[in-house]
1. Being open to solvent by less than 20 Å² (accessible area, probe 1.4 Å) and assigned to a strand (DSSP E or B) is the filter here, so list the residues in the range 98-115 that pass it.
2. Being among the charged types (D, E, K, R) and at positive phi is true for just one of 61, 72, 89, 100. Which residue is that?
3. Out of all the residues in the range 13-22, is one or more touching a Ser or Thr at 6+ places or on another chain (Cβ under 9 Å), at positive phi and of a type outside the set (Lys, Arg)?
Amino acid sequence: QVQLVESGGGLVQPGGSLRLSCVASTAIFSIYQMAWYRQCPGKQLELVARISSGGSTNYADSVKGRFTISRDNAKNTVYLQMNSLKPEDTAVYYCNKDPDPFVSWGQGTQVTVSS
């Protein structure tokens, strides 16, 4: 089964930036539409951004203009560049396929935005 490994999270001050990475262990990564999700404390999982196999992107209203999703199919990797971070962006961030996520989710990467 596909394994997903997220990295790049950490503690950052409001207004700061982070770049998240997610590597997928599948030889056919390039055909999948991928997404970044997040789970904020006490809230349900939320889709933050998605990128099609062809590179088209869309974003949740809450991150539009601040976050950028990209992919490198040669490296089986999807990225999330997060700028102008806000305390409400604090969450565990996951990547997965969209729609129909892979059954096995990664461990996620914690992003904490705090002064």
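1. 109, 111, 113
2. Details: 61 fails: at positive phi; 72 fails: at positive phi; 89 fails: at positive phi.
That would be 100, the only listed residue that is among the charged types (D, E, K, R) and at positive phi.
3. The answer is yes, given that some residue of the range 13-22 is touching a Ser or Thr at 6+ places or on another chain (Cβ under 9 Å), at positive phi and of a type outside the set (Lys, Arg).
Residues are listed down the side, and each one gets a yes or a no for (1) aromatic (Phe, Trp, Tyr); (2) at pLDDT 95 or above:
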{"position": "6", "(1), (2)": "no, yes"}
{"position": "14", "(1), (2)": "no, yes"}
{"position": "38", "(1), (2)": "no, yes"}
{"position": "43", "(1), (2)": "no, no"}
{"position": "64", "(1), (2)": "no, yes"}
{"position": "67", "(1), (2)": "yes, yes"}
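The values are calculated or read from the model by the stated rules, or taken from the named source; none is laboratory data. It should be emphasised that the depicted structure is a prediction, and the values quoted were computed from it without experimental measurement. Note that we place each Cβ from the backbone using ideal geometry, even for glycine, and neighbour counts take in every protein chain shown. Surface accessibility is based on the protein's heavy atoms, side chains included, excluding ligands, DNA and RNA. Shrake-Rupley method; radii C 1.70, N 1.55, O 1.52, S 1.80 Å.
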